[in-house]
Structures are given as C-alpha cells and as structure tokens.
Amino acid sequence: MSTVVDAAKVALAPGYRLQWEPAQQAHVLLYPEGMVSLNESAAEVLKRCDGRSLLALIEDLQQQYPDADLEADVREFMEVARDEGWLRVD
Amino acid sequence: MKAGCVSTEPSPPLWLLAELTYACPLQCPYCSNPVDFAHFGPELDTQEWLSVLREARALGAVQLGFSGGEPLLRPDLEVLIAEAHRLGYYTNLITSGLRLDAARVERLREAGLDHIQLSFQASARELNDRMAGTASFEQKKAAARLVKAAGYPMVLCFVLYRDNIDCVPQMLALAEELGADYVELANTQYHGWALLNRERLMPSAEQVKTAERATNQYRAQSDGRMKVYYVVPDYHDGRPKACVNGWGSTFLTVTADGKALPCHSARDLPGLSFPDVRRQPLREIWYDSPLFNRFRGFDWMKEPCRSCPERERDFGGCRCQAYLLTGDAANADPACSQSPLHAAVRNAVAGAGESVSSQTLIFRNRRNSLTDAKPEPAPRKAQTWTP
Ligand code: SF4
Ligand code: SF4
C-alpha cells in the first residue's frame, strides 16, 4: 500500500483507545471487541498519534531518543498501523 | 501468593462478558443462551453488578461486553456503563437494537459507551422477522442509523444458518447501505438453542463454500473501508476452534443470575459446580475455583490432544462441544478431524441441507425454556469408537 507522507496528519482511528494496563505491564490498543498489547516502541509512536503530522511526530521522537536511528522504522510502522485500521491518516 | 510460585500463576482475565439479563424481545432459534434459562434464579441487581465490574477490573479485565438476552432491557445499563467507563474498561454493547431510540443512544454515549454491535437475523425483512419471531427488521435499520449518527464505529453481525447463508452478498450490501465499519459473518455455533435446532440450521458444505467465496470476492473488489470478519464453521472445517483462547486464560463470563463461567456455554457441562459471585470474591473464583482450574493448561488432556503439537494453538477445542457430542468434556473436540469421534460431526455435516428437514424450529422463549429439557449428550449409538 501507499506510503504515509510527511505532511499527513496522523491520529488514532475513531473507536480506538490507547492505555496503560498494569495487569499486562504494557500499553494496549483497545478497539471494538479487540485489543493488542504493544511493545514499548509501538506505544511511543502511537502515543504521539494525536493529529500532528508524521514529520512532527518523527522529530518529537528523535528528540526524545537522540541516539536512536528510528526514522525508517517509524515510517514502516505507520504504514502497518494504517493498514491494520488503527490510524486515521488525513 | 509466595514468591517463587509466580511462574505457575494463571494469567489474569482480560475480557469480561456480562450477560445482564436473559430477557429478550427476540426469539432466535440459533441463540447460544442456555435452553433452561427460565429456571434460573433472580438477576443480579445494580449493586451486585457494580461489584462484579470493580472486582474484574482489579484482576485485569479491560474489554467488557454487555450482552444477554437483550441488555437494553436493563434500566440500569447506563449506570453500569458509567462505572465501567470510570474504571477504564473499553465497553461494548451487544444488542439486537430493538427499542433503541435516539434518546437512549445519547444516554449511552454520555455514560461513556465505546461501541455498539448490532445484530441482524437476515438481509431481508421477511426472513429476519420470521427468525427473530417478531417484526424487527425496520427497527434494526433505524437503530443502525442512530448508532452511525452518534459517531460510533458501527459493527453489524449476521449469524449464518441454512436459510440465510446464501445471502452473504445481500448482507454486505445492506451493511454498506447502513454505513457499517465492520461486518461479522458468524457461522452458527451449536450451543444452547442452536444445538436443539441443529438439523434445521446447519447449511450444506456447498453453501458454506459459496458463502466463503462471496466474502472473499467482496474483499477483493471493495476499497477495504468496510472490514469483513468471517467466522468459519468448525463443523465443516475439520479444525476445532481455540475455544475461549484456553479455558480460564483470558475470558470471564458472569451470567444474569450471578454464576462465573470460563465460557458462556459452560453450564452445558455436567458434574461441575458453578461459582456464585454473590458468595465468593471474583479473585478467588478465577484463581482457585475447581471450575476455572478444571481445564486450565494441558494436564487434563487425553489422547489425541495430549501429544498433539496443535494443542498450544487450539487447546483441544471447545469443552462444551466435546461433552455434547462425545459424552466426555475431556475428549478432543470432535470438530477436529483427528478426534476418533469426528464421525458424529461428519455425519451431521453430510446430512445437512440434503433433504428438507422435518424438524420444526424451536424458538428461544420462556415458554419453550420451561418445557424443553437441557440438551442431552449424544446418544451412545451415534458413536463408532469405544474408549
Ligand atoms: S440471539 Fe436472538 S434471542 Fe438470543 S439473545 Fe440474541 S437477540 Fe435474543
Ligand atoms: S487432536 Fe486435540 S490438540 Fe490436536 S488438533 Fe485436534 S483438538 Fe487440537
């Protein structure tokens, strides 16, 4: 499927919710009759899907984790997340 | 729990299914509710449900389904949703949509409800209303529009059975017309009332194939906006379902009369006692009760499951189906082609849809619940194998 462009505004899809679950010691993404347990990096990305642009999201992450080379991974993850239906990309 | 025992501790429940009431304005003959519901004791009251919600949340439950019967019949539904929302649950309402008007949708939304799943009996009014046992098709369509207008993701569910399974394309067209986001096409699971009516409900193998083809065709041609889930029929597939993701591992059902169950059909099983949430804390029920420990893990298994590599994936299938079709809940689910008793399932499938069944549908209602006995396990003569 197509790539998510830099200027695209990314947000969780309607009906999706991200929260920390102590019992699972993980962030989970909740949606109609379903849930996925997220690893730390997925959670860090999804936390920032609040309507900002992909570019702003990557910059913010890069600031938080200056030593990580994360851009390519984030871009790839965004496509997967979008195709899974987790995200609304405008 | 002492340190060092932690590794053997069962996982916490993640899903709570709250069957708020067995009252229902509809009478679907494929209903998976227990056949003898009319004999059950009084429903949990508001306070009792509130403690169930709190206790289950404290254990780790985060997905919450309000179902029934028809949960909209509980006047305290909004109170329960509001508390569930405050506790951090993701709340799902599983409804037939009857009597759902704009004011009620608004109250549900204000209480914090996350999602509504609406079920149809068929894609055309005549069959829908005949199976529902009451005129309801137009009301359901109206309810679907209200759900959509309130900004909810809309999930439509069709249970598939012999008389409607040929209409998968029409179901998908109806769902598109109503603006559904997800459609669930769920082949009937033969529990409860559905098992009583199995001969009349089960589609032929040919029908099942056609329905699958229609689903795949839709997926290939559509833009992917509306997601379609097709729940395969285990009878036809030769593969058992990973029932409740493993007994006592993920799912917790609490029934209208306060019984805690690892699966909503568990009451079909003989010789077990069902813990009562009015008498025992949920934590104790989940971790320590004989019921929840009965089929936990793999130690209870017999052959062929015991030494089968698939056991980690399907947990030997459904315990209730094993009991109802083989007479022993610890047997492999006979939907599995490796079960020595798989013939019982093959025979049911082979007979399905070939001739017009003489069986008349038994509708799910109080009167029939009072008169119809609990389904008995398969008669011994149907078995071709002796242990
Ligand atoms: S399946 Fe039909 S009869 Fe059973 S609870 Fe649902 S709507 Fe009511
Ligand atoms: S033998 Fe048992 S564990 Fe193996 S596939 Fe069949 S049901 Fe599953």
Wholly within region A:1-86, which helices (runs of 4 or more DSSP H) include no fewer than the required count, namely at least 3 residues that are within 14 Å of another protein chain (Cβ to nearest Cβ)? A:71-84
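Any idea which residue in region B:292-349 is nearest to ligand 2 (Cβ to nearest atom), counting only those that are of a type in the set (Phe, Trp, Tyr) and in contact (Cβ under 8 Å) with a residue 24 or more places away in the chain? Break it down into steps so the answer makes sense when it comes.
Of all residues in region B:292-349, those of a type in the set (Phe, Trp, Tyr) come to B:292, B:295, B:298, B:300, B:315, B:323.
Filter once more, so that each one left must be in contact (Cβ under 8 Å) with a residue 24 or more places away in the chain: B:292, B:295, B:300, B:315, B:323.
Working: B:PHE292: 20, B:PHE295: 12, B:TRP300: 12, B:PHE315: 7, B:TYR323: 14 Å.
Filtering first and then ranking leaves B:PHE315.
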How about region B:278-325: which of its residues are in a loop (DSSP other than H, G, I, E, B), closer than 26 Å to B:LEU53 by Cα and among the aromatic types (Phe, Trp, Tyr)? B:PHE295
Selection within region B:278-335 - among the basic types (Lys, Arg) and in contact with a helix residue (DSSP H, G or I) (Cβ under 9 Å, 6 or more places away or on another chain): B:ARG278, B:ARG283, B:ARG294, B:ARG319
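Let's see how each residue does on (1) away from ligand 1 (no atom under 16 Å from the Cβ); (2) farther than 17 Å from B:ARG239 by Cβ; (3) in contact with a Lys or Arg (Cβ under 7 Å, 6 or more places away or on another chain); (4) not charged (D, E, K, R):
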{"site": "B:ALA260", "(1), (2), (3), (4)": "yes, yes, no, yes"}
{"site": "B:PHE292", "(1), (2), (3), (4)": "yes, yes, no, yes"}
{"site": "B:GLY316", "(1), (2), (3), (4)": "yes, no, no, yes"}
{"site": "B:TYR323", "(1), (2), (3), (4)": "yes, yes, no, yes"}
{"site": "B:ASP328", "(1), (2), (3), (4)": "yes, yes, no, no"}
{"site": "B:LEU341", "(1), (2), (3), (4)": "yes, no, no, yes"}
{"site": "B:ALA344", "(1), (2), (3), (4)": "yes, no, no, yes"}
Can you tell me which of (1) more than 15 Å from B:GLN139 (Cβ to Cβ); (2) without any contact (Cβ under 8 Å) to a residue 60 or more places away in the chain is the one B:THR95 doesn't meet? (1)
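Just wondering, is there one or more residues in region B:326-346 that are in a helix (DSSP H, G or I), under 17 Å from B:SER249 (Cβ atoms) and of a type in the set (Lys, Arg)?
Taking region B:326-346 as the starting set, the residues that turn out to be in a helix (DSSP H, G or I) are B:326, B:342-346.
So of that shortlist, the ones also under 17 Å from B:SER249 (Cβ atoms) come out as none.
No, region B:326-346 contains no residue that is in a helix (DSSP H, G or I), under 17 Å from B:SER249 (Cβ atoms) and of a type in the set (Lys, Arg).
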Can you pull out the helices (runs of 4 or more DSSP H) entirely within region B:56-146 that have at least 2 residues that are over 18 Å from B:PRO29 (Cβ atoms)? B:77-87, B:102-111
How many of the residues making up region B:254-266 are closer than 19 Å to B:TRP193 by Cβ and either in a loop (DSSP other than H, G, I, E, B) or touching a strand residue (DSSP E or B) at 6+ places or on another chain (Cβ under 7 Å) (or both)? 8
When region B:63-75 is examined, which residues are found to be crowded, with 16+ Cβ neighbours inside 10 Å and either at pLDDT 95 or above or within 13 Å of chain A (Cβ to nearest Cβ) (or both)? B:GLN63, B:LEU64, B:GLY65, B:PHE66, B:SER67, B:GLU70, B:PRO71, B:LEU72, B:LEU73, B:ARG74
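Each row is one residue, and each column tells you yes or no for (1) over 22 Å from B:TYR229 (Cα atoms); (2) away from ligand 2 (no atom under 16 Å from the Cβ); (3) surrounded by fewer than 20 Cβ atoms within 10 Å (Cβ to Cβ).
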{"residue": "B:LEU77", "(1), (2), (3)": "yes, yes, no"}
{"residue": "B:GLY97", "(1), (2), (3)": "no, yes, no"}
{"residue": "B:HIS115", "(1), (2), (3)": "no, yes, no"}
{"residue": "B:ARG125", "(1), (2), (3)": "yes, yes, yes"}
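Within region B:42-53, does at least one residue satisfy the condition of being buried (at least 21 other Cβ atoms within 10 Å of the Cβ) and assigned to a loop (DSSP other than H, G, I, E, B)? Explain how you work it out, then say what you get.
Of the residues in region B:42-53, the ones buried (at least 21 other Cβ atoms within 10 Å of the Cβ) are B:44, B:49, B:52-53.
Checking the rest, the ones that are also assigned to a loop (DSSP other than H, G, I, E, B) come to B:44.
Looking for residues that are buried (at least 21 other Cβ atoms within 10 Å of the Cβ) and assigned to a loop (DSSP other than H, G, I, E, B), one finds at least one in region B:42-53, hence yes.
The values are calculated or read from the model by the stated rules, or taken from the named source; none is laboratory data. Since this is a predicted model, take the numbers as computed values, not measurements. All Cβ positions, glycine included, derive from the backbone under ideal geometry; neighbour counts span all protein chains shown.
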